[in-house]
Amino acid sequence: MADGPLFRRVAIIGLGLIGGSLASAIRRARLADTVVGADQRADELALGLSLGIVDETADSIAGAVTGADLVVVAVPVRATEQVLREIRPHLGEGALLTDVGSTKASFVEAVRTVFGKEPVAMIPGHPIAGSEKSGITAANPDLFDRHMVILTPPEGADSRHLKRLRALWEGCGATVLTMSVARHDEVLAATSHLPHLIAFSLVDTLAGEDDNLDIFRYAAGGFRDFTRIAASDPVMWHDIFLSNQQAVLRVIDHFTHDLDQLRAAIADQDSATLLRVFSRAKAARDHFSKMLSGQAYVTKTNQKPLTFLLEPGHKVTGDIRVPGDKSISHRSIMLGALADGITEVKGFLEGEDSLATLQAFRDMGVTIEGPDHGHVRLHGVGIDGLQAPRGPLYLGNSGTGMRLFSGLLAPQPFSSELTGDASLSKRPMGRVADPLRAMGAVIETAEGGRPPMKIQGGRPLKGIHYDMPVASAQVKSCLLLAGLYAEGTTSVSEPAPTRDHTERMLAGFGYDVHRDGATVSVTGGGRLTATSIDIPADISSAAFFLVAASIAPDSDLTLRQVGMNPTRVGVINILRLMGANIEVLDEREVGGEPVADLRVQSAALRGIEIPLSDVPLAIDEFPVLFIAATCADGETVLRGAEELRVKESDRIQVMADGLAALGVATTVTEDGIVIRGGQSIGGGTVDSHGDHRIAMSFAVASLVAKGPIKVTDCANVATSFPGFVELARGVGIQITTAEE
């Protein structure tokens, strides 16, 4: 709710479902001093006044608009131009003009026709809300609650007007997005207009059948749900289709083409095509809230930021297994998709990052079954079998995904675009784009080398030798994947050992990988052979519980089947140097990766100078290691960790700020941090900046805190550790969640 009225007088022209609901919501939230309604139906006006939906009614548009500082056009699309002609002589200087129609280009064109130009104070709008009921009696002030409203401000629109209009809709409970007029009409043609057209057509077709009574009598719930929208107002939809003609025709043509392909597949008994399309569609439907392009009008289901509420804890005990390794999950999907044959994956991490990678390959024509409790079945298309995606590939919050995909897509015969969420869009991609360009790739990035990445297809690559200036498994893996397609040999030298999951997995798929000291190389032109992969538990996820059990008195915790890849055990090495009591039990190899069970008991930790050789082996675990350092006796010094500044956040500075909010002083350096142990961790509020590892690290800190801790912006924990809250609570961390 706004602090006070946003507008003096709001004139709503048309008191149907949307206009009436908006008037009612504005009045209830006190967003305007006066809400006046105008409608050609006198009985609707009288009802609106008697029901308290409007403050006043006007018997003409002139009477409603005069003196109004906001005018809302809420009439059928095809009536807009005539209504605007009546509005024009009475629209006051500085008054804001908006609408609620389903098509925006037609509204803008009508405004140009009537006014001769676009008024500076015009911002078209479209609430994504509705009902099968219509008229003023259906008006509902809650209609827009938790629904989207799209605003399409023209270039040069006054930011003050946009701010006020956004605040008005938010005051009605809506979530407001902005996009261009053209983009709005394209999106709505596909996601709203086409489904309505299909529903109208299907019901009309079946109603014309001789046995139509039986057809409708025995129709199941799915048919009723799908065709419910055919009960919508025919006149309104007639107007919408004619007004949004070109966008609707384009999407009809696209849909008809795809429908013809399905018809052909059924006629030809082409089970592979049917399975590919159906599995891709099911996955997109199941996970649409996690894999949308940033321009779609639907956003993540968990739109509101998530907060962790933590009370001081006690000991940590139990016997648990954390989710599968995220790095290996990404690579298993990538190489399985490119292999010849069917690859079976167990232990797949069903987090948002990994699911985005999986969906991207579906978008490129790969048939993928699952995931089902960690099991995924990939029908590989071969190294040269990927198909051009229909649009940008959305990778959510996954920096690993974007960097590896850039190497994989640079040599493809088709062009592609990689996009991500707001956090990923701030992360630099130049350190993969530059060496790929040296191989012959043509890649465009946004300012500062940031996403989106636009990759031109049909560019043959040549192998190069690349000396990495900073150790990075993502850069190394990106170039090795590009090297699978390049002419000659591609080699990468790393200044310090980094994760070797890509090299191990390539070998597991039968591809020759050569290692010579700090240099790894592949030669292009080979093939990948499908295999079975059992993904171990992620040591990066296990790290939170290793630190938790180390710092909380009287703790005793066992973690099962944790990945013990030598390039990933830096966190164990560092904790042991600090005096942690960690036992490595039942060491074995699963799917080409070493694993073990880990038993950790509480111990008195001491500060250390972290060996440079362990820094790249623990790069993702440092946020929680900072918590361990705070609880240690003495000073802990980290150097050589500049890569932490270009992760999901600047993890050095964000951790330092979070610790400061809890009363812990640190000294931040260009490539590290100095933490004096033994300081008390107090209560307070920490901003995780949307970084999943920051959020989970401060959850661990609560075990020894002197007061409650609130950690904001925690929704991205699901990217790497689905089920973290439940697992943490089960071992003794006092954690609850709340939507902000």
| remark: Apart from one, (1) surrounded by fewer than 21 Cβ atoms within 10 Å (Cβ to Cβ); (2) outside any helix (DSSP H, G or I) all hold for ASN397; the odd one out is (1)
| said: So, GLY374, is that one open to solvent by 10 Å² or more (accessible area, probe 1.4 Å), at positive phi and under 21 Å from the mean Cα position of the chain (by Cα) or not? | reply: no
| task | Name every residue in the stretch 442-469 that is buried (at least 16 other Cβ atoms within 10 Å of the Cβ) and farther than 17 Å from SER491 by Cβ, in order of residue number. | result | ILE443, THR445, GLY449, ARG450, PRO451, PRO452, MET453, LYS454, ILE455, ARG459
| Residues of the stretch 673-700 that turn out to be modelled with pLDDT of 95 or more and at positive phi, as a count | 1
| said: Just checking, does the stretch 8-24 include any residue being open to solvent by 30 Å² or more (accessible area, probe 1.4 Å) and not in a helix (DSSP H, G or I)? | reply: yes
| Does PRO722 satisfy being surrounded by fewer than 23 Cβ atoms within 10 Å (Cβ to Cβ), modelled with pLDDT under 95, touching a Pro at 6+ places or on another chain (Cβ under 8 Å) and not hydroxyl-bearing (Ser, Thr, Tyr)? | yes
| remark: Per the list (1) surrounded by fewer than 24 Cβ atoms within 10 Å (Cβ to Cβ); (2) touching a strand residue (DSSP E or B) at 6+ places or on another chain (Cβ under 7 Å); (3) more than 18 Å from VAL704 (Cβ to Cβ), residue check on LEU577 breaks on (2)
| remark: If we keep only residues of the stretch 526-535 that are aliphatic (A, V, I, L, M) and assigned to a loop (DSSP other than H, G, I, E, B), then the residue surrounded by the fewest Cβ atoms within 10 Å (Cβ to Cβ) is ALA530
| query | If a residue has to be of a type in the set (A, V, I, L, M) and under 13 Å from LEU168 (Cβ atoms) to count, how many in the stretch 25-45 make the cut? | reply | 6
| Any chance PRO428 is open to solvent by 20 Å² or more (accessible area, probe 1.4 Å) and more than 30 Å from PRO566 (Cα to Cα) | no
| query | What is the one condition in (1) open to solvent by 40 Å² or more (accessible area, probe 1.4 Å); (2) more than 26 Å from the chain's Cα centre (by Cα); (3) at pLDDT 95 or above that LYS710 does not satisfy? | reply | (2)
| ALA138: open to solvent by less than 30 Å² (accessible area, probe 1.4 Å) and not acidic (Asp, Glu), yes or no? | yes
| query | On the given criteria, is ALA11 touching a Ser or Thr at 6+ places or on another chain (Cβ under 9 Å) and over 20 Å from VAL149 (Cβ atoms)? | reply | no
| task | Test LEU45 against the criterion of being over 42 Å from the mean Cα position of the chain (by Cα), crowded, with 19+ Cβ neighbours inside 10 Å and more than 22 Å from LEU162 (Cα to Cα), and give yes or no. | result | yes
| query | What is the residue count in the stretch 320-351 for residues that are among the hydroxyl-bearing types (Ser, Thr, Tyr) and in contact with an Asp or Glu (Cβ under 9 Å, 6 or more places away or on another chain)? | reply | 2
| request: Among the residues of the stretch 160-182, count how many are hydrophobic (A, V, I, L, M, F, W, C) and either surrounded by fewer than 17 Cβ atoms within 10 Å (Cβ to Cβ) or more than 24 Å from the chain's Cα centre (by Cα) (or both). | output: 6
| request: Considering each residue of the stretch 118-140, count those that are closer than 25 Å to THR191 by Cα and over 29 Å from the mean Cα position of the chain (by Cα), and give that number. | output: 7
| Does GLY730 count as surrounded by fewer than 24 Cβ atoms within 10 Å (Cβ to Cβ) and either part of a helix (DSSP H, G or I) or of a type in the set (Phe, Trp, Tyr) (or both)? | yes
| note | Checked ARG146, ARG112 against criteria (modelled with pLDDT under 95, open to solvent by 30 Å² or more (accessible area, probe 1.4 Å) and closer than 16 Å to SER21 by Cβ); the one match is ARG146
| request: With the checklist (1) surrounded by fewer than 20 Cβ atoms within 10 Å (Cβ to Cβ); (2) under 20 Å from LEU151 (Cα atoms); (3) not hydrophobic (A, V, I, L, M, F, W, C) in hand, flag the one item GLN82 doesn't pass. | output: (2)
| Hey, ALA283 open to solvent by less than 90 Å² (accessible area, probe 1.4 Å), aliphatic (A, V, I, L, M), modelled with pLDDT of 75 or more and out of contact with any Cys (no Cβ under 6 Å at 6 or more places or on another chain) or not | no
| task | Starting from the stretch 188-203, keep only residues that are closer than 17 Å to HIS126 by Cα, then list their pairs with residues that are outside any helix (DSSP H, G or I) whose Cβ atoms are within a distance under 6 Å, requiring at least 6 positions of separation or different chains. | result | ALA189/ASN244
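The values are calculated or read from the model by the stated rules, or taken from the named source; none is laboratory data. It should be emphasised that the depicted structure is a prediction, and the values quoted were computed from it without experimental measurement. Because the Cβ atoms are built from the backbone with ideal geometry, glycine has one as well, and the counts that use them run over all protein chains shown. What goes into the accessible areas is simple: the full protein's heavy atoms, side chains included, and nothing from ligands, DNA or RNA. Shrake-Rupley method; radii C 1.70, N 1.55, O 1.52, S 1.80 Å.
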